[in-house]
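*Asks:* I have a structure here, written as structure tokens, and I will follow up with some questions on it.
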Amino acid sequence: MQKYIIISNDIRNKILKGEYVANQQMPFEKDLCVHYGSSKMTVKKALDILVTEGLIIKRRGSGTFVKDLNPEEIERVAMANQFRGTTALYAGQKVVSKILNFSVVKVPEHAAKKLNIAPDSFVYDIHRVRYVDDEPFVMEKMYMPIDLIPNIKEKNIKGSIYEYIEKDLHLNIQSAHRTVSVRKATDFEAEELGLEKGDPVAVAEQRGYLDTGSAFEFSTSIHRYDKFSVEIVLTRN
């Protein structure tokens, strides 16, 4: 992942977490260069992304400030941030994957229904554990149609699949339908996620959609109970 993307992800996360608050002046570019160990051009590109997203504004002669977002804008940014995946959510930290399975298979019946594809279609069957700073965070099982998301390689599975979809294939991830439940971990899940037998896990089932309306992903993510949270913004019309 390019450095300016990492920087923009990190600053975005800090805004969403409230580390940078509305109307607060951001550190000067030269200070951000020192903090991130990057050139002025790299930092500028990172800030330009956030300006385009409407998270920050630049005031000539004054500096860069966090925009005062209304609840609907916060919800929009928070939802969009979820689609950037684990690598983006933990920008600046080491994110790697342990691959449990990576193969092409005939789509299972339940996945065909979720993806709205023919029962004789073929999909990637991806099973991996995501580590953040050498600690297991989440186990992911996902199916993706090979004709919609072609040429996925092992390096993409070890890194960010979403980045490959958007940066390499130039496809736009638009939305997702997600259901979250809680249950006890299986013995296999507990072993892979570094949990005790019988510990709880959060289970997120998701269907992801491109801006064309096509479902590109059906996944089930098993999250450690102590590493998972859901933030929901509720608005009243």
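A short reminder: the numbers here are calculations on the coordinates, not readings from a lab. Bear in mind that the values here come from a model prediction, so they are computed numbers and not experimental data. Don't worry about glycine lacking a Cβ; one is built from the backbone with ideal geometry, like all the others, and counts go over all protein chains shown.
*Asks:* DSSP loop chymotrypsin sites (Phe, Trp or Tyr not before Pro) in the range 1-67 with at most 12 other Cβ atoms within 10 Å of their Cβ, which ones?
*Replies:* Loop-located and lightly packed - Phe28.
*Asks:* In debye, nearest 20, what is the charge dipole magnitude of the chain about its Cα centre with +1 on Lys and Arg Cβ and -1 on Asp and Glu Cβ, if you could check?
*Replies:* 680 debye
*Asks:* Based on Cα coordinates alone, diagonalise the gyration tensor for the range 105-185, multiply each eigenvalue by 5, take square roots, and list the semi-axes in whole Å, largest first.
*Replies:* On the way: eigenvalues 93, 71, 34 Å².
Taking √(5λ) for each eigenvalue gives 22, 19, 13 Å, largest first.
*Asks:* If the chain between Thr186 and Lys58 were fully stretched, how many nm would it gain, using 0.36 nm times the residue separation less the Cα-Cα distance?
*Replies:* Working: separation 128, 0.36 × 128 = 46.08 nm, distance 5.02 nm.
Gain on extension, Thr186 to Lys58, equals 41.1 nm.
*Asks:* Grab the Cα-Cα distance for Ile99 and Thr212, subtract it from 0.36 nm times how many residues apart they are, and report the gain in nm with one decimal.
*Replies:* Extra length available between Ile99 and Thr212 comes to 37.7 nm.
*Asks:* I need the calculated FRET efficiency for the pair Glu135 and Lys197, taking r as the beta carbon distance and R₀ as 22 Å, to the nearest 0.05.
*Replies:* On the way: r = 19 Å, r/R0 = 0.85.
Once the sixth-power term is evaluated, E becomes 0.70.
*Asks:* Determine, from the Cβ-Cβ distance of Asn151 and Thr179 and an R0 of 35 Å, the FRET efficiency 1/(1 + (r/R0)^6), rounded to the nearest 0.05.
*Replies:* E between Asn151 and Thr179, to the nearest 0.05, is 0.70.
*Asks:* Now for a separate question. Between Asp68 and Asp31, what's the calculated FRET efficiency when r is the beta-carbon distance and R0 is 25 Å? Round to 0.05. Please list the in-between numbers first.
*Replies:* On the way: r = 23 Å, r/R0 = 0.90.
Efficiency for this residue pair is about 0.65.
*Asks:* Right, here's the next one. At what distance in nm do the modelled label points of Met41 and Ser121 sit from each other, each positioned 7 Å from its Cα along Cα→Cβ?
*Replies:* So the label points at Met41 and Ser121 sit 4.2 nm apart.
*Asks:* So if each residue of separation counts as 0.36 nm, and I subtract the Cα-Cα distance between Glu19 and Ser229, what length gain in nm does that give? Write down the numbers at each step before the final one.
*Replies:* Working: separation 210, 0.36 × 210 = 75.60 nm, distance 1.74 nm.
Extending this stretch completely gives an extra 73.9 nm.
*Asks:* While we're here: Which of Arg59, Arg207, Arg178 moves most in a GNM of the chain, Cα contacts under 10 Å?
*Replies:* Of Arg59, Arg207, Arg178, the Gaussian network model singles out Arg59 as fluctuating most.
*Asks:* Taking only Cα atoms and a 10 Å spring cutoff, compute GNM fluctuations for the chain and point out the largest among Val95, Val34, Val182.
*Replies:* Val34
*Asks:* Counting C-alpha atoms alone, how compact is the chain: give Rg to one decimal and Dmax as a whole number, in angstrom.
*Replies:* 19.2, 61
*Asks:* Now for a different question. Which of Ser221, Ser160, Ser39 ends up with the largest GNM mean-square fluctuation for the chain, with Cα atoms connected below 10 Å?
*Replies:* Highest fluctuation among the options: Ser39.
*Asks:* Normalised radius of gyration for the range 1-48, please: alpha carbon Rg relative to 2.2 N^0.38 Å, two decimal places.
*Replies:* On the way: Rg = 10.4 Å, N = 48, 2.2 N^0.38 = 9.6 Å.
Taking the Cα Rg and dividing by 2.2 N^0.38 Å, one obtains 1.08.
*Asks:* Which far-off residues, 5 or more places away or on another chain, put their amide H under 5 Å from the one on Phe216, with H placed in the peptide plane?
*Replies:* Here Gly208, Tyr209, Leu210 satisfy the definition.
*Asks:* I need to check one value: relative contact order of the chain, counting alpha carbon pairs closer than 8 Å and at least 6 residues apart, in percent.
*Replies:* 15 percent
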